[in-house]
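Structure first, commentary second.
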Amino acid sequence: MESKHAEESVGTVAIVGRPNVGKSALFNRLVGRNIAIVHDQPGITRDRLAALSSRGRRPFSVWDTGGIGGAGETELTALVRHAADAAMRESDVILFVVDAQAGLNPIDHELAKMLRKSKRPVVVVVNKIDHDKHEDLESEFAQLGFDNSVPISAAHGRGISGLLEIVDILLPTELDSSIENRKSKIENLPLSLAIVGRPNAGKSSLINSILRDARTIVSELPGTTRDAVDILYERAGEKFLLIDTAGIRARSKHSTSVEVFSVMRAERAIRRADLCVLVIDLTSGVTSQDKKIAGLIQEAEKPCLIVLNKWDLVKPTPGAKGAMERTIVDVRERIFFLEYAPVLVASALTGENVEQLFHLIGTIRRAAGVRIGTGVLNRMLRTAFEENPPPMIGTRRLKLFYAAQTRGENDVTVSAMKFVLFVNQPKLLSDSYKRYLERRIRAMSPFPGLPVLLSCRARSESERRASARAR
């Protein structure tokens, strides 16, 4: 099935440079919010990060890439360079960030040679000009041989408006038409998917399988994805925002402050996503950390589906089908509080069943538009109360006067299914009885992938009679 990345509809600007020159700080400054992790440890950004910048005259998609030529694992250095190469090939303008206070570096010269071969407009962004006394430091970088150079301080916002003016001049002029329409398409993506899970469960591999290219870095080293990486994606006329998150490990195992920041970003990604895809390693089954991540999804009241990944490693073994079925049962038992989440067995590496992921998403989206008629809902709940009355709490028992669904078929978003119960006293609804009522609602309409949330509002007997007469 043919797909395309939605970010191709606006101008694209790539930020490149050696490690720790301030690329992520510039990225955050251009997009107007803290997306990339800013830290003084080299090599923090290893993937490409994408976001829309609306600070200039025309919006553009801006890419932050991993530092080129930095110290660290040999494998990752090569992968980071590949990601930066791809960003440069796909960009309209390249921002070559250098460190004014550190001065020219041999890696800067090597990178300059590579950028000249890209045949793209290049702006040398001389960063860390934090004070007037630093301005003389810019002249050294004229040796790189590029026409456009601008001194800035990404940390303090100095020189950013001048940089935006240069970028606007260098962006292709044909992007002027219908720019607001293209901006609207990017900012109003129908569905954002947070891909979450333990380190090395296969989250980035799953996204690569979806995109059919090596867009995110895949490595056997835990902690490769340190930022939450937003990837705009379109297939069959439907638009998605794929959020690849840093692997979430137990807090006691966080080896650096960067890893703590990464977990915070992953938790934030869960909260801002429309739907969470929890990736679990089929070869290791459900771990306590998987349960904790599932708990974060539950706390955020997010729609969810579960992908049991690495089926390609289990499938060739004797009794594979039985092992898979036992793992599914284990998932249901250990993550019982996400019982509404569909489970998909897949292989991100081979692509097996990955297409089914979007069939499940389609099922969840359709379920999000289902509305239970108010009369039908109230008759069902009255029957539920009669067949299994609420427990006595002290000397009182919960009374249901009226119930209504607060969202339904005209709501285009994917979110929890919410029901409000008008009762005599909300605190009389126990947790166990709430779960009972949720099960009765799901028996009428399963709402796959969607949490069912009940809230209570107090209403006196006289208010109930007055409301009934008004209806």
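Could you tell me which of rounded, prolate or oblate describes the stretch 112-151, using a ≥ b ≥ c as the square roots of the eigenvalues of the alpha-carbon gyration tensor, with rounded for a/c under 1.5 and, failing that, prolate when a/b is larger than b/c and oblate otherwise?
The shape class here is prolate.
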Legend entry - Entries in Lys117/Lys239; Lys203/Lys292; Lys23/Lys133; Lys128/Lys203; Lys23/Lys117; Lys239/Lys434 that, when Cα-Cα distance is taken, lie over 24 Å: Lys117/Lys239; Lys128/Lys203; Lys239/Lys434
Inset, instruction - Taking 7 Å along the Cα-to-C-beta vector as the label spot, tell me the Met444-Glu386 distance in nanometres, rounded to one decimal. - result: 1.4
Inset, instruction - Residues in the stretch 86-129, backbone N under 15 Å from the label point at Asp147 (7 Å along the Cα-to-beta-carbon vector): list them, ranges by number please. - result: 93-94, 116, 119-124
Legend entry - Most to least packed among 302-310, 101-109, 234-242, 357-365 [average Cβ atoms within 10 Å]: 302-310, 357-365, 234-242, 101-109
Inset, instruction - Work out how much length Gln425 to Ala320 would gain on full extension: take 0.36 nm times their residue separation and subtract the Cα-Cα distance, in nm to one decimal. - result: 32.6 nm
Inset, instruction - For Arg89 and Phe336, compute 0.36 nm times the residue count separating them, minus their Cα-Cα distance, and round to one decimal in nm. - result: 84.3 nm
Legend entry - Net length gained if the chain between Thr350 and Asp136 were fully extended (0.36 nm per residue, minus Cα distance): 71.6 nm
Legend entry - Label-point separation, Ser432 to Ala236 (7 Å along Cα→Cβ), nm: 4.5
Inset, instruction - Give me the accessible area of Arg457, 1.4 Å probe, in Å² rounded to the nearest 10. - result: 130
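The values are calculated or read from the model by the stated rules, or taken from the named source; none is laboratory data. Just so you know, these numbers come straight off a predicted model, no measurement behind them. Glycine gets a Cβ as well: all are built from the backbone with ideal geometry, and neighbour counts include every protein chain shown. With ligands, DNA and RNA removed, areas are computed over all heavy atoms of the protein, side chains included. Shrake-Rupley method; radii C 1.70, N 1.55, O 1.52, S 1.80 Å.
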